Amino acid sequence: MKTITVDIRRAQASDADAIADVHHDAWQGAYAGIIPHKALTGMINRRGRKWWADAIRRAASVLVVEIGGEVVGYATLGRNRARELPQQGEIYELYVQPEYQGIGLGTRLFAAARQKLADHGLAGLVVWALEENGNALAFYEGSGGRDVAEGVEVFDQKALRKVAFVWD
């Protein structure tokens with residue numbers, strides 16, 4: 001019998017290729033048909049291996065989730081960027097490879113990201129999700145987030161509404 005481990009850890013520069021792959025596949029799965037194709041492709045292409053390696057080296061808080069040593073998801077986190085919200089921490093991104101979604105890895109990665117923010121003394125959490133991304137809305141609502149604010153992101157002249165979920 002073979003045991004497969006699931007680990008969540010801080011990203012290392014050697015994870016850059018794998019994170020870029022997760023970013024590509026997860027963003028295609030989440031946003032194709034929502035974000036205009038040209039804008040989505042440009043956003044994905046800007047975040048290749050070099051971009052991720054630089055982000056990790058700059059001490060950006062990036063966590064990865066691995067199954068059997070293979071990176072299949074990531075989260076980026078830090079201080080809340082929305083000054084109008086009192087929560088101190090923010091998860092900027094949380095993505096899992098499409099074929100690994102729905103089996104609890106996102107929930108585990110979310111819990112680890114929340115804990116890392118708390119360990120850094122950041123009280124409360126905010127996460128933004130595009131309103132048309134039903135899977136993200138369901139995930140954050142199911143994780144106990146409260147929808148408290150809205151905003152707009154513009155992609156190639158297409159305005160998309162976003163929702164802020166918070167945890168105190």
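Computed about its Cα centre, the charge dipole of the stretch 9-72 is approximately 360 debye, with only Lys, Arg, Asp and Glu carrying charge at their Cβ.
The phi-based Karplus calculation (6.51 cos²θ - 1.76 cosθ + 1.60; θ = phi - 60°) puts the 3J(HN,Hα) values of the stretch 123-132 at 8, x, 9, 10, 9, 9, 9, 5, 4, 7 Hz, whole numbers, x for Gly and Pro. In the stretch 6-167, taking the dipole from charged Cβ atoms about the Cα centre, the farthest positive-side position among V72, Q28, F155 is held by F155.
Can you tell which of L117, I103, L137 lies farthest toward the positive end of the dipole of the stretch 6-167, using +1 and -1 charges on the Cβ of basic and acidic side chains (Lys, Arg; Asp, Glu)? Farthest along the dipole direction, towards plus: L117. Stretching A32 away from D156 to a fully extended chain increases their span by 43.2 nm, per 0.36 nm per residue minus the current alpha-carbon distance.
Residues V152, V62, ranked from the fewest to the most other C-beta atoms within 10 Å, line up as V152, V62.
Counting pairs of alpha carbon atoms under 8 Å apart in space and at least six apart in sequence, what relative contact order in percent does the chain give?
Answer for the chain is 21 percent.
In a simple Cβ point-charge model (Lys, Arg +1; Asp, Glu -1; nothing else charged), the chain has a dipole of about 480 debye relative to its Cα centre.
Sequence-ordered 3J(HN,Hα) estimates for the stretch 137-142 from the Karplus curve with 6.51, -1.76 and 1.60 and θ = phi - 60° stand at 4, 5, 4, 6, 5, x Hz, glycine and proline given as x.
Read the figures in this text as sums done on the coordinates, not as results from a lab. Only a predicted model underlies this, so the values are computations on that prediction, with no experimental measurement involved. Note that we place each Cβ from the backbone using ideal geometry, even for glycine, and neighbour counts take in every protein chain shown.
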